[in-house]
Every structure is written in C-alpha cells, then in structure tokens.
Amino acid sequence: VYKRQGPDEARLAWLAERRLGVGGSDVAGILGCSPWESPWSIWADKVGELPLDRPGTLAMRIGKALEPEVAAEFTAATGLLVAGEQTIVRRPGTVHFATVDGFVLEGEGSALADALGVFEAKTTREDPWEVLPHHYALQAQWALWCADMERAWVTAVFLARGTSAIYDVERDDALIAEAVAAVDHFWATYVLPRRPPPSDGSY
C-alpha cells in the first residue's frame, strides 16, 4: 500500500504505472458493463494507443473535487471516519490494484491497519439508486479483493435531488472470482500480446 502523489510529473508517473495492471475502474469496462469504457478502450489505454493523460469530463472533475464532501457526508451519517484517501492497494502476486477513495475507521486515533473496510465516493445527476449499480459494485468488490478486506461503503450524492445514500457492500467471493478470471483472460489474451479485442465501436 502506498499513497498516490500529486499533480504534474507525479501524476504522469502514476498514470503510466496504471498501465502495468488492471485497476478497479477498469474492471467493469473489461466485463462489458461500464457506461463509459469497453474492452477495446481499456485495451487501447493499457497498450498506449490512447494519450496518457486524457482530460476527464467536467462531471468527473467535479466528482473528484467533491470527494472530501462526500466523505464528510458519510461521517455525519455514520459517525465513522475516512482516511487514507486515494491510496493504491496492490493484490500480492498479481499486476492488479485498486485506487480507493479511502478506508473507513472506527474513530479518532484508529490506525489504517485497523480499518473496518473500504470507502468509495460517487456523485451523480441520476435519480437515487434502489440498489448500487453493477459497475460500481464490481469496482467495490475489486477493491475488497486487492485490499483483502470484507466490507465496503459506497456513498453517493445525487446532485439533482440534493440527497445522498450509503450502500453497504459485503465481499462476494463468487463475483470476485468471475471478475478475476475475466480480467486475467483479457490481460493474457489481448494486453500482453498487444492484440486488440473485437471492435465494439467505442473510442
């Protein structure tokens, strides 16, 4: 576990390092269930066919800027704390990793080593979700696998409604096994030999 550094050169180094494995935000794209990515776009990024530092959308930039506010909303609702923001956690023995929005601590003075689980922050203009969307559930499960933890809290702020919700995610080893198998196949079949997956019309 180590902390992601700041902007400029450190950011470019971090982006280059992300190409050496699969992160939590890549998994849904590889499995074909992401609203924003696809197997082809993930492959193109990993092999360097896309610019290293692609500008994010305005919504993505706002979402990143609001992460501390989302964490504060979670703390106000639960009394639990968030620390270790933007920490990269690597799965031992693999090239895979997760960049988590934080770890959930019981209270002041708690150490990261004693974290209760993983924290993820989301902002959206969608209506509140009855259940956590599958692409976010996959991301949370991937983070739990990489961090070897049992529980995640996903806090979503619904900007259009001015409301928030907390989704308690328990580790699902069957879903994790399915995701790991698909990712390993993708990595070995397409990324390592630099062979593109079937075209899907995405950028």
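The values are calculated or read from the model by the stated rules, or taken from the named source; none is laboratory data. Since we're looking at a predicted model, the values are computed, not measured. Cβ coordinates were reconstructed from backbone atoms using ideal geometry, including for glycine residues, and neighbour counts include every protein chain displayed. Just so you know, the surface numbers come from the protein's heavy atoms only, side chains and all, with ligands and any DNA or RNA stripped out. Shrake-Rupley method; radii C 1.70, N 1.55, O 1.52, S 1.80 Å.
Quick rundown of the values:
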item: Pair list, Cβ under 6 Å, 6 or more apart: the range 152-169 residue farther than 13 Å from VAL104 by Cα, other residue charged (D, E, K, R) and at pLDDT below 95; result: LEU159/ARG125; ALA160/ARG125
item: In the range 107-160, residue farthest from ALA72 (Cα to Cα) [restricted to those that are among the β-branched types (Val, Ile, Thr) and either assigned to a helix (DSSP H, G or I) or open to solvent by 20 Å² or more (accessible area, probe 1.4 Å) (or both)]; result: VAL131
item: Unmet requirement for PHE186, which otherwise passes all of (1) under 25 Å from TRP43 (Cβ atoms); (2) open to solvent by 70 Å² or more (accessible area, probe 1.4 Å); result: (2)
item: Scope the range 13-68; condition among the β-branched types (Val, Ile, Thr), in a helix (DSSP H, G or I) and open to solvent by 50 Å² or more (accessible area, probe 1.4 Å); matching residues; result: ILE62
item: ALA77 open to solvent by 20 Å² or more (accessible area, probe 1.4 Å), touching a residue at least 24 places away in the same chain (Cβ under 8 Å), within 30 Å of TYR190 (Cβ to Cβ) and outside any loop (DSSP other than H, G, I, E, B); result: no
item: Complete set of residues in the range 80-106 that are part of a strand (DSSP E or B) and closer than 21 Å to ALA165 by Cα; result: LEU81, VAL82, ALA83, VAL100, GLY102, PHE103, VAL104, LEU105
